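These notes concern the structure reproduced below.
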Amino acid sequence: MYATRDDMESRFGLNEVVMLTDRSRSGQVDDSVLAGALADAAAEVDGFLAGRYSDITVLGQAHGTHAEAGRHALKSAVRDPGCAVYRPRIVQDGDADSLADTRARARKLLSDSRLQGMTLTAVVKGHRTSDGVLWQPGQRVHVVSEPHGIDGVFFLMARKLQGGEGQGSRTTLTLKEDGVWVLDAHPDKRDKKRTKRKKKDDGLDAIDVD
């Protein structure tokens, strides 16, 4: 359970909680109704967190060669600042030859975790954006929802056009968090043979812990 009656009263006020739960009009909070609502909310949160992790640690080990000794205990850890629940994951990567490899793998896994863990579904009127453009996957959408505490840009993964002539038209949008795409789990090892250049980061909002 992620919230209690005290949490609800503190957040919304006693009168609001009574209004939402008092089906018998007794003027009191109905604890059974509230418990059921909190259980449903907890199940929804559990579904949201099913594929999401707060901390990801990747362990690797570089194999030795005739010219260089192997490296043991390669370790990189990253933290998702947007995940408030502590839910760690530890992964062993036999293909990691350096700390750069373990860091890249950790950030890739964190990116996948965030993409899997958050999906928004929104139903909007019509088949076009406010600018008159037909809804298409690949568009970026600014979503604002005060009840859900959402104010950000999301990536449109899919859309379903419904209705038509003589009917009310609407579009169902499937949205994912934007800016968390990490395409490769390991840096291209061929880059080591090229002229060293400072690479741009992947843009993922993550904290390097170790």
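Odds and ends about this structure:
- Which listed residue, of GLY132, GLY168, is over 30 Å from VAL78 (Cβ atoms), of a type in the set (Gly, Ala, Ser), in contact (Cβ under 8 Å) with a residue 24 or more places away in the chain and not in a strand (DSSP E or B): GLY168
- Looking only at region 1-51, and only at residues there that are assigned to a helix (DSSP H, G or I) and among the basic types (Lys, Arg), the one that is modelled with the highest pLDDT: ARG5
- Looking across region 154-174, the residues that are surrounded by 12 or more Cβ atoms within 10 Å (Cβ to Cβ) and either modelled with pLDDT under 90 or of a type in the set (Gly, Ala, Ser) (or both) come down to ALA158, GLY163, SER169.
Each row is one residue, and each column tells you yes or no for (1) closer than 30 Å to PHE12 by Cβ; (2) assigned to a helix (DSSP H, G or I).
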| residue | (1), (2) |
| --- | --- |
| ALA96 | no, no |
| ALA100 | no, yes |
| LYS108 | no, yes |
| LEU120 | yes, no |
| LYS160 | no, no |
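The values are calculated or read from the model by the stated rules, or taken from the named source; none is laboratory data. Values in this document were obtained by computation on a predicted structure and should not be read as measured data. As a convention, Cβ positions derive from the backbone with ideal geometry for all residues, glycine included, and neighbour counts pool all protein chains shown.
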